[in-house]
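This report concerns only the one structure given below.
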Amino acid sequence: MKKIILLTGIIAMLLVISCNQSKEPNIVLLDSEWKFKTGNDLNWAAQGFDDSSWGTIDPKNTWENQGYKGYNGYAWYRCKTLIRSSLKDQSKITDSLQIFLGKIDDCDHVFLNGELIGENGRTIYEKLQPADDYIKQHGLWNTDRRYLLAQNDPRIHWDQENLIAVRCFDHDGPGGMFGKRFEISMTGLRDRLKFDFASSAFVYNPDTTVTKSFTVTNITGTERLKGELKIEATLSDNGISIYSNRSIIELSPHQKIETSATFRKNMAVPAALRVTFTDAATRNKVTEDVEVPYILTPESPSEPRINGAKIFGVRPWSPFHFKVAATGKPPLKYTAADLPEGLVLNPETGLITGSLKKKGEFVVKLTVENQLGYAERDLKIIVGDVISLTPPMGWNSWNCWGLSVSDKKVRQSADAMVSSGLINHGWSYINIDDGWEDTHDKNGNILPNYKFPNMPGLCNYVHSLGLKIGIYSSPGPKTCGGYEGSYGFEAKDAQNYASWGIDYLKYDWCSYGNIAPDPSLDQLKKPYKEMKHALRKANRDIHYSLCQYGMGDVWSWGAEVDGNSWRTTGDIEDTWESLSSIGFSQGPCSPWSAPGRWNDPDMLVVGMVGWGPALRNTRLTPGEQYTHLSLWSLLAAPLLIGCDLEKLDAFTLNLLTNDEVIAVNQDPLGKQAVLIRKCDDFEVWARDLEDGSVAVGLFNKTEKALYVPVEMIDMKLEGKHAMRDLWKQSDLGIVRDHFEMKVLPHGGRLVLLKPKFNQN
Ligand code: GAL
């Protein structure tokens, strides 16, 4: 009898364990169903609480994707799991237990067996009561949640059922737990040794070798680490080894060493670098893989070529400023036939200035000439109400410098926009984001802070290079960075911006949330209408960029408040999760995109970024960056480079100077791509272009290379089409009905399909 009771007890215990036990003995998986309930009650942290009436949820996907659409606020997750002591017995290094809870949008309190163990990714060591203001922090949604407990921490119940309860708070957007890593394990060698590949980019050397420098750090405070460091490079296509090197390294506590590998490689061919450290004492290994950037864009020819926008909008009487973007061996000589009266072209710089008095349309014949040849192209000028007839292209200070932006950094960025040659491909705005403002003086004039001693001087300087300049503010009293906003000073601010020579305003909701905490649609529009009127009175064409993260489906009314572009999402980060969740969710706003009215899925996260004074290389792989630029071009998105332009590496520069890819972004028809095929592994997006051709993006969402099929009927395309690879700028032959292409992990291919009317 006793035996039966014991057996039933064991079965019951196995049944209540709702989260998976892993096949790996040293990991407890927490990635299957959890219990879930919206609302907030601290009693839900208790181990004995009866959650049998709660719903279930997959922690790998946000709650908005699992039946809780539109829900913001508090919700709780609960998971019961056995933590066997064999976990620590089998592990070689056994001092701490770590609990990985993926990522959480936006904030969390984590309880183990009723006790608080963590807040927003920070382990709580002492006994504490959870504080509500702490949990409601912003900007933590893309942060890994790893909680670390000493193995003798009494909050862990070894060999018993443990209850993990997670209290989440979501400000807006998807909400709750998501991500990949949900598990309990002991800390291992991986937690003691850190490779850093991001402090510098891969360098392509003139002798066709590539060099990668990286650091290895012993992050323990007490132990020495000694072992073998193996660096290998293989070609991604066939796994052929192109480099291998072994060395012995020894690291004292906290020591960091820098090392590098140089190997010969065809620049255009994808390859991978694998770095492995094998600990001499335990034979444990840590391995990391890094994609080697591959360069696809061919060099611009020495003969002249005209790039960038083919159409330009201006309002009557506003200062006209259009730089003809052209490549070719200098010196280049520019001419413009049929230039309307009121405009002049500088034949040496290609800058057209002046002003036009009446509404109307003009077609100007541009030519660019050098010793080797001649290029011509029409530029259509529309003098009317709407400006920014193609998506703005430029640079913004936020993703690199954050609040540490200064006059000096802005001038250096403008210089680099010219010296890097980006200006010759249509890149034109230099935008100052948050961090420039001081206060309003007694006359209501906005004063820049000490980092910007002379705003008109800075604007003149940027204009003198053929570029345009942008600024940032908030309709609220304070910006998101806590600087002075425009609330109550809208008209005066717009006048000041115009008098300095500003060409672009990013207007960011931020503290307007305190004025309209639970805004109705009218309240959402109100501050943007106010600034619309102020800008219209300023007699200067200022691109009006609304930034309020997509609230109230801004795409459906952004044009009504005269927005030229509007952010459709929260802030982007340099991770695949962020890039793919933002980029692939732009379908619903597609119908509202039109010339001068652009959906803005946020800025480019390529090159050296950092949101503050310390910069690092983007964490996106090369394949992910091809996806980024391909998708943003298809989406007709504003292209704002968010990196340090002075530190552009060969790959990033190459990525940003593909004129055929840029031409898709700048296509005069202004139609945004639509999603034509979607499954778990891949997506296909297509954009109709002005000349009747179609740009098609093939995207691989998996971590393995795969063939993505395209059915031309999905785009209502019939008959033969000539296909061109836009990244490689090479023809791929004729296709009809169906084609498929190999796409690298998280990578994107961009092709152009041109109808072939001669069907033989
Ligand atoms: C955020 C905005 C960012 C950046 C930042 C400045 O709200 O989305 O792009 O402008 O504010 O504080």
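The values are calculated or read from the model by the stated rules, or taken from the named source; none is laboratory data. Note that the coordinates shown come from a computational prediction; the quantities given were computed from them, not determined experimentally. Here the Cβ positions follow ideal geometry from the backbone for every residue, glycine too, while neighbour counts run over all protein chains shown. Each accessible area value is taken on the protein alone, full model and side chains, heavy atoms only, with ligands, DNA and RNA left out. Shrake-Rupley method; radii C 1.70, N 1.55, O 1.52, S 1.80 Å.
Annotations for the structure displayed:
- Computed over the chain, the ratio Rg/Rh where both radii use C-alpha atoms and Rh is Kirkwood: 0.99
- Signed unit charges on C-beta, dipole axis of the chain, positive-most listed residue MET417, PRO475, ALA281: ALA281
- On full extension, the segment bounded by THR56 and SER252 gains 65.8 nm, given 0.36 nm per residue less the C-alpha separation.
- Protection proxy ranking for 618-631, 95-108, 698-711, using the average of other Cβ atoms within 10 Å per residue and placing the highest first: 618-631, 95-108, 698-711.
- Between ASP289 and TRP317, the modelled labels are 6.3 nm apart [label points 7 Å from Cα along Cα→Cβ].
- Look at the dipole of segment 131-215 built from charges on Cβ: of PHE197, GLY173, THR209, the Cα furthest out on the positive end belongs to THR209.
- Highest average packing first - 539-547, 448-456, Cβ atoms within 10 Å: 539-547, 448-456
- Cβ-Cβ FRET estimate between THR349 and GLN66, R0 fixed at 45 Å, reported to 0.05: 0.20
- Spin-label pair LYS226/ALA516, simplified geometry with 7 Å Cα→Cβ offset, distance in nm: 6.7
- Mean sequence separation of contacting Cα pairs (under 8 Å, at least six apart), scaled by the length of the chain, corresponds to a relative contact order of 8 percent.
- Unsatisfied cross-links (Cα-Cα over 28 Å) in the set LYS358/LYS409; LYS212/LYS754; LYS37/LYS136: LYS358/LYS409; LYS212/LYS754
- Maximal additional length on extending the LYS647-ASP207 stretch stands at 156.3 nm, based on 0.36 nm per residue less the C-alpha distance.
- When a 1.4 Å probe is rolled over the protein heavy atoms, the share of accessible surface on segment 307-383 that falls to carbon and sulfur comes to 55 percent.
- For the pair LEU372 and HIS138, the difference between a 0.36 nm per residue extended length and the Cα-Cα distance amounts to 78.7 nm.
- Debye log10 I(q)/I(0) for segment 193-292, one point scatterer per Cα, at q = 0.20 Å⁻¹: -0.99
- Label point 7 Å beyond Cα of ALA280 along Cβ direction - residues of segment 173-188 with amide nitrogen under 17 Å: none
- For segment 20-183: relative contact order, % (alpha-carbon pairs under 8 angstrom, 6 or more apart): 34
- Efficiency of FRET from Cβ geometry, GLU560 and VAL418, R₀ 51 Å, rounded to 0.05: 0.85
- Estimated distance in nm for a label pair at ASN245 and ASP553, the labels positioned 7 Å out from Cα along Cα-to-Cβ: 5.7
- Rounded to two decimals, the Cα-based Rg/Rh of segment 20-183, with Kirkwood Rh, is 0.94.
- Shape descriptor for segment 307-383: Rg over Rh equals 0.97 (Cα atoms; Rh from the Kirkwood inverse mean 1/r).
- For ALA271, the amide hydrogen comes within under 5 Å of the amide hydrogens of SER236, VAL292, counting only partners 5 or more places away or on other chains and with H modelled in the peptide plane.
- Between the beta carbons of ARG677 and ASP385, assuming R0 = 56 Å, the FRET efficiency works out to 0.90 to the nearest 0.05.
- Remark: relative contact order (segment 393-668) = 20 percent; criterion is Cα-Cα distance under 8 angstrom and separation of 6 or more residues.
- The residues VAL203, VAL606, sorted by heavy-atom accessible surface at 1.4 Å with ligands and nucleic acids left out, run VAL203, VAL606 from largest to smallest.
- Taking all protein chains as shown and a probe of 1.4 angstrom, VAL386 keeps an accessible surface of around 50 Å².
- Links that overshoot a 19 Å alpha carbon limit, given the list LYS506/LYS532; LYS442/LYS529; LYS408/LYS532: LYS442/LYS529; LYS408/LYS532
- Segment 624-753 - Debye-derived log10 I(q)/I(0), Cα point model, q = 0.15, 0.17 Å⁻¹: -0.68, -0.88
- Accessible area expressed per residue, the chain, with surrounding protein chains retained (probe 1.4 Å, Å²): 42
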